[in-house]
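What follows is a single structure, written as C-alpha cells, with notes after it.
The values are calculated or read from the model by the stated rules, or taken from the named source; none is laboratory data. All values reported here derive from a predicted model rather than from experimental measurement. Here the Cβ positions follow ideal geometry from the backbone for every residue, glycine too, while neighbour counts run over all protein chains shown. Just the protein is used for accessible areas: all its heavy atoms, side chains included, with ligands, DNA and RNA removed. Shrake-Rupley method; radii C 1.70, N 1.55, O 1.52, S 1.80 Å.
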Amino acid sequence: MAEIPSLPQRAFVVGAQRREELASAFQSDAESYDKIRPSYPQEALDFTLQHRPATAVDIGCGSGIFTEQLVSAGLEVTAVDPSADMLSVLSKRLPQIEVVCATGEATGLDAGSADLVTYAQAWHWVDHPQASAEAARLLHDGGWLTLLWNQLDVTVPWVHRLARIMHAGDVHRPELEPPLGPQFQKPEHGIWHWSMELDFDEIIELTKSRSYYRKSSDTTRAKVEANLAWYWHEHLGHEPDKKVQVPYLTHAWRSRRRPRR
C-alpha cells in the first residue's frame, strides 16, 4: 500500500490561486456530487433559523442541498453559486426559486434584501473580507450570517485515517472561529454529532465528490481508490456491500450584522 499523507489541521485561509484551482473542480459533474453529499441535521437548521428570518440568500449553494432545507422551512430563498452545472441540478429540485450564477464576493443582488445569508460547505472558497462585505450589504440591519460544514468526525481514530486516505480537504477544526469582516459581531458556535450509513461503493462516490480527487490525474485517482479498498476491506475487514455507520459532525457559526452608521 502506498504511504498515506497526513491530514492537516485545516485553517480557513487558503491562497487565492489555490482556492480558485480547487473550486474549479465543482464546475461540472454536479449530479454525482448531489447524489452522495448529505443534508444537514435538523439541529443545525434550527440554529440557523433561531431568529425567524423570512428571506435568505444561500451563497455557494451548490446543487441546493441546504437550499432545499431552507425552502422547506418556509423561507423565500435566492440561491447563488458560480457553477452553472450545480445550479442546473438545483433548478430541477427547486424550480420555483431564483438562482444567480455569481460568486460570494459579488452577487449582484439588491442591498438590504435579506434577513439571512448562509454559506453551507462554502465559506472556505471565498475571499473572506470581500465576502463579508457583500454579505453585510445584502442583509438588513440586524440580519444574520450563518456558516455551516458537514465533515467526517476525525476525532474517531479510524475515521481520521479514512479522511487522510480520501484527502478530505473540507475537514476544519470545529473550534476554529472563521474569519469575518468588521461588519459582523463575534459569532456564536454550534456543533452536532451524527452518522451516515455508507457501503464501500458510497465511500468511493464520496471520495469522487471532493476537489482533490476531481483535480487529480487518473494515476493518482487509481492510487486513492486502491488505498481505500485496502483500508476498507483488509484493514477494517468490511465486506463490499456492508453498510457501516460513519461518524460525522456538523459545525456552524452565526453572526449578527452590526447596524449601519
For the stretch 134-147, the count of residues that are touching a Leu at 6+ places or on another chain (Cβ under 9 Å) and not in a helix (DSSP H, G or I) equals 6
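Please go through the stretch 92-133 and pick out each residue that is outside any loop (DSSP other than H, G, I, E, B) and farther than 24 Å from Y40 by Cα. Spell out how you get there, then give the answer.
Here is the first cut: in the stretch 92-133, the ones outside any loop (DSSP other than H, G, I, E, B) are 92-93, 98-101, 103, 106, 114-120, 123-125, 128-133.
Of everything in the stretch 92-133, those that are outside any loop (DSSP other than H, G, I, E, B) and farther than 24 Å from Y40 by Cα turn out to be A106, P129, Q130, A133.
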Given the residues A106, A102, A84, A73, which is the only one that is at pLDDT 95 or above, more than 19 Å from A135 (Cβ to Cβ), surrounded by fewer than 20 Cβ atoms within 10 Å (Cβ to Cβ) and of a type in the set (A, V, I, L, M, F, W, C)?
A73
Residues in the stretch 170-208 that are out of contact with any strand residue (DSSP E or B) (no Cβ under 7 Å at 6 or more places or on another chain), within 26 Å of A135 (Cβ to Cβ) and crowded, with 19+ Cβ neighbours inside 10 Å: how many?
0
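Restricting attention to the stretch 48-68, report how many residues are surrounded by fewer than 22 Cβ atoms within 10 Å (Cβ to Cβ) and part of a helix (DSSP H, G or I).
The qualifying residues number 2.
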L236 is checked against (1) among the aliphatic types (A, V, I, L, M); (2) under 22 Å from the mean Cα position of the chain (by Cα); (3) over 19 Å from P41 (Cβ atoms) and fails just one. What number does that condition carry?
(2)
Would you confirm whether or not the stretch 166-185 contains a residue that is of a type in the set (V, I, T), out of contact with any Ser or Thr (no Cβ under 9 Å at 6 or more places or on another chain) and farther than 23 Å from S39 by Cα?
no
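Determine whether S216 is at pLDDT 95 or above, over 16 Å from V156 (Cβ atoms) and of a type in the set (S, T, Y). Step through it out loud before you land on a result.
Working: at pLDDT 95 or above: no; over 16 Å from V156 (Cβ atoms): yes; of a type in the set (S, T, Y): yes.
Here the answer is no, as S216 does not meet what is asked.
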Which of the residues belonging to the stretch 112-122 are at pLDDT 95 or above and open to solvent by less than 40 Å² (accessible area, probe 1.4 Å)?
G112, A114, L116, V117, T118, Y119, A120
The correct count of residues that are open to solvent by 40 Å² or more (accessible area, probe 1.4 Å) and either in contact with a Lys or Arg (Cβ under 7 Å, 6 or more places away or on another chain) or more than 14 Å from P182 (Cα to Cα) (or both) in the stretch 128-153 is 2
If the Cβ limit is 7 Å and pairs must be 6+ apart or interchain, which residue in the stretch 52-78 that is under 19 Å from L139 (Cα atoms) pairs with which residue that is at pLDDT below 95 and open to solvent by less than 10 Å² (accessible area, probe 1.4 Å)?
I59/A122; G60/A122
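Restricting the search to the stretch 35-49, which residues are over 24 Å from H128 (Cα atoms) and out of contact with any Ser or Thr (no Cβ under 7 Å at 6 or more places or on another chain)?
Correct list: K35, P38, S39, Q42, E43, D46.
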Give me a count of the residues in the stretch 215-261 that are surrounded by 13 or more Cβ atoms within 10 Å (Cβ to Cβ) and among the acidic types (D, E).
1
With the structure loaded, tell me whether G104 is of a type outside the set (D, E) and more than 20 Å from S255 (Cβ to Cβ) or whether it fails that test.
no
